[in-house]
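Down below is the structure, laid out as structure tokens.
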Amino acid sequence: MFDFSKLGDISKMANQAKEIHQEQERFQKQQIVLLTKITSQLEELLALLKEKTR
């Protein structure tokens with residue numbers, strides 16, 4: 001049988017899990033932005049190196 005006295009605790013844990021998940025998503029989005037910038041800079045660097053070797 002389900003123990004309804006624990007419902008408040010379960011709800012609190014679910015909210016905390018949701019907050020943690022949202023925080024992880026924000027962090028991952030920041031990582032994607034940074035990796036995109038790094039990729040762009042590396043591509044520029046490669047283009048410059050290719051230009052100098054010609």
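Surface composition of the chain: carbon plus sulfur atoms contribute 60% of the solvent-accessible area (1.4 Å probe, protein chains only, all chains present).
Per residue, the chain exposes 104 Å² of solvent-accessible protein surface, assessed with a 1.4 angstrom probe and all protein chains in place. For chymotrypsin sites (Phe, Trp or Tyr not before Pro), the sites in region 1-40 that DSSP calls loop and that have at most 10 other Cβ atoms within 10 Å are F2.
Within the chain, all pairs of alpha-carbon atoms sorted by distance into 10 Å bins from zero give the percentages 20, 21, 17, 15, 12, 8, 5, 2.
The values are calculated or read from the model by the stated rules, or taken from the named source; none is laboratory data. As the structure is a prediction and not an experimental result, all values here were calculated from the model. A quick note on method: Cβ atoms are made from the backbone with ideal geometry, for glycine too, and the neighbour counts reach across all protein chains shown. Surface areas here come from the heavy atoms of the whole protein model, side chains and all, with no ligands, DNA or RNA. Shrake-Rupley method; radii C 1.70, N 1.55, O 1.52, S 1.80 Å.
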